[in-house]
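K.L.:
Let me begin by handing over the structure; questions about it come next.
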């Protein structure tokens with residue numbers, strides 16, 4: 001088992017192209033087409049009534065020339081002119097009323113399209129953060145399990161050279177099977193790294209003082225072996241500055257669940273490539289992908305993963321969640337932003353992280 005994160009699963013009806021003829025976009029397109037047809041027909045009616053009025057005017061002139069004999073024809077010409085004016089007024093009124101109605105249809109269709117896009121992107125955000133949660137839950141299981149390994153317990157109790165060499169071989173075997181980890185650190189009660197899984201790669205780790213790290217202190221203070229500690233994503237100096245998610249559990253006397261803590265095991269999850277695989281795996285169409293940015297944000301809204309690779313551990317994204325677990329809104333620039341809070345998984349409650357999809361409007365709407 002290598003612990004690799006699975007790809008984001010496609011959601012039912014998630015395809016951007018699978019909108020069908022009943023989609024809000026289709027309604028908007030039909031409203032636009034109807035508006036064009038209505039305007040065209042109104043112009044054609046006005047052109048006909050203009051010609052009719054011209055004919056009526058000519059008839060009136062000819063009737064005047066005919067004198068007494070043309071009076072009856074003049075009356076008919078006048079009626080034709082009046083009817084033509086009425087038709088012209090009706091055509092103008094029809095065009096104005098249709099324009100208003102079609103504008104309303106277009107607005108409703110636009111809102112519906114925006115809401116459906118927002119819901120779909122929110123579902124995709126949930127899908128992504130659930131993949132993260134399920135995977136990080138496995139990390140909490142790993143560290144609690146490995147903290148009871150006989151070689152780990154033995155070395156924490158008596159860190160002799162022989163025991164250290166043995167446990168480092170053991171940790172190396174684990175790392176060869178679980179490729180999502182950069183390193184595993186066994187620490188003494190006073191916070192010194194006494195053994196780790198990759199001494200050939202990271203030469204300065206053994207002897208490192210981690211007593212001030214929150215993950216170490218929280219794990220050492222835990223009440224039972226069922227508990228674990230977790231830290232925010234950080235660039236780990238001891239691992240060449242690579243971003244890691246660190247999980248830790250106390251190593252307890254005799255490997256017992258309620259044994260006295262005699263050390264701490266910290267496992268460093270290779271965060272960047274695993275998280276990038278998740279955000280890149282969000283199922284967007286090629287057209288959508290070109291105008292979208294998928295993000296993972298920590299509890300401070302700091303970017304911890306992004307499809308464009310920008311802002312990692314530096315940029316604070318201005319998410320307007322408004323205390324909601326999930327939702328979608330349009331920002332001042334016109335971008336649609338959908339988000340979902342970590343729901344947690346099993347005993348992993350999550351850390352207040354969000355997944356977000358930031359999408360610029362289609363070119364036709366700009």
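K.L.:
Report Rg(Cα)/(2.2 N^0.38 Å) for region 183-294, keeping two decimals.
P.N.:
Here the Cα radius of gyration is 1.32 times the empirical estimate.
K.L.:
Compute the distance from the alpha-carbon center of region 238-260 to that of region 133-198, in whole Å.
P.N.:
Cα centroid to Cα centroid, the span is 7 Å.
K.L.:
Return the FRET efficiency for the residue pair residue 161, residue 280: r is the Cβ-Cβ distance, R0 is 51 Å, and the value is rounded to the nearest 0.05.
P.N.:
0.70
K.L.:
How are the Cα pair distances of region 267-366 distributed, in percent, across 5 Å bins from 0?
P.N.:
Taking every Cα pair in region 267-366, the percentages come to 2, 12, 21, 25, 21, 11, 5, 2, 1, 0.
K.L.:
Which log10 I(q)/I(0) values does region 84-197 give at q = 0.18, 0.23 Å⁻¹ under the Debye formula, counting every alpha carbon as one identical point scatterer?
P.N.:
Cα-only, vacuum Debye calculation for region 84-197: -0.94, -1.19.
K.L.:
Now for a separate question. Please give the length that would be gained between residue 324 and residue 299 if that part of the chain were fully extended, namely 0.36 nm times their separation in residues minus their C-alpha to C-alpha distance (nm, one decimal).
P.N.:
Here the answer is 7.7 nm.
K.L.:
What are the semi-axes of the equivalent ellipsoid of region 79-150, taken as the square roots of 5 times the eigenvalues of the Cα gyration tensor, listed largest first and rounded to whole Å?
P.N.:
One finds semi-axes of 69, 5, 4 Å for region 79-150.
K.L.:
Here's another thing I want to ask about it. How large is Rg/Rh for region 139-194, to two decimals, with Cα atoms and a Kirkwood Rh?
P.N.:
Radius of gyration over Kirkwood radius for region 139-194 works out to 0.94.
K.L.:
While we're here: Return the FRET efficiency for the residue pair residue 308, residue 82: r is the Cβ-Cβ distance, R0 is 51 Å, and the value is rounded to the nearest 0.05.
P.N.:
0.15
K.L.:
Considering the convex hull of the alpha carbon atoms of region 232-282, report its projected area averaged over all viewing directions, in nm², one decimal.
P.N.:
5.0
K.L.:
On to the next question. At a 10 angstrom cut-off on C-beta neighbours, averaged per residue, how do the peptides 155-162, 182-189, 294-301 rank from highest to lowest?
P.N.:
Final packing ranking: 182-189, 294-301, 155-162.
Just so you know, all these numbers are worked out from the coordinates, no wet-lab data involved. Note that the coordinates shown come from a computational prediction; the quantities given were computed from them, not determined experimentally. Heads up, the Cβs are rebuilt from the backbone with ideal geometry, glycines too, and the neighbour counts pull from every protein chain shown.
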